[in-house]
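As structure tokens, the structure follows; a few thoughts come after it.
Computed from the coordinates by the stated procedures, all read-outs in this text should not be read as laboratory data. Quantities reported herein were computed from a predicted structural model and do not represent experimental measurements. Every residue, glycine among them, receives a Cβ derived from its backbone with ideal geometry; neighbour counts consider all protein chains shown.
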Amino acid sequence: MSREELRNKVDLALLSDFYGGLLTEKQRRVLSLYCEEDYSLGEISAEAGISRQAVHETISRAAGRLREMEEALGTAARFQRVQNGLRQALAALREQDYSRAQSLLEELMELE
């Protein structure tokens with residue numbers, strides 16, 4: 001699996017965590033097998049009882065829906081910014097750089 005394919009699966013899994021409830025049960029199941037269980041299209045096809053083409057189309061539609069929601073709401077990106085900011089603030093505290101930690105925490109508090 002290429003680095004790009006792996007990154008795509010990780011991104012889809014993250015978006016699914018935030019917006020998966022907006023997908024159909026079938027889309028959630030297929031996406032879970034694809035992203036979290038790392039099943040191939042053929043394995044998903046056998047598990048779900050649908051064709052490989054239907055698996056591909058289901059993944060594509062679900063991914064499109066998840067990306068549309070992220071574009072509209074930005075919840076996953078905001079979550080990642082907060083996580084990154086908290087990690088940086090914690091590192092600053094460990095280094096006893098209190099003014100930097102305070103500044104980072106203030107920036108996080110101002111995120112919309």
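A few notes on this one:
- Residue 51-residue 36 pseudo-label distance in nm [points 7 Å out on the Cα-to-Cβ vector]: 2.9 nm
- For the chain, modelled as a GNM whose springs connect Cα atoms under 10 angstrom apart, the maximal fluctuation among 61, 28, 100 occurs at 100.
- Remark: the chain carries a charge dipole of roughly 160 debye about the Cα centre, counting +1 on each Lys and Arg Cβ and -1 on each Asp and Glu Cβ.
- Rounded to the nearest whole Hz, the Karplus-based 3J(HN,Hα) values (6.51 cos²θ - 1.76 cosθ + 1.60, θ = phi - 60°) of segment 14-26 follow the sequence 5, 4, 5, 4, 7, 10, x, x, 8, 8, 6, 4, 4, with x at glycine and proline.
- Fluctuation leader among 66, 33, 12 - the chain, Gaussian network, Cα springs under 10 angstrom: 33
- Cα-only Debye scattering, segment 3-73: base-10 log of I(q)/I(0) at q = 0.19, 0.24 Å⁻¹: -0.68, -1.06
- Comparing mean-square fluctuations of 93, 31, 22 from a GNM of the chain with C-alpha springs under 10 Å, the top value falls on 93.
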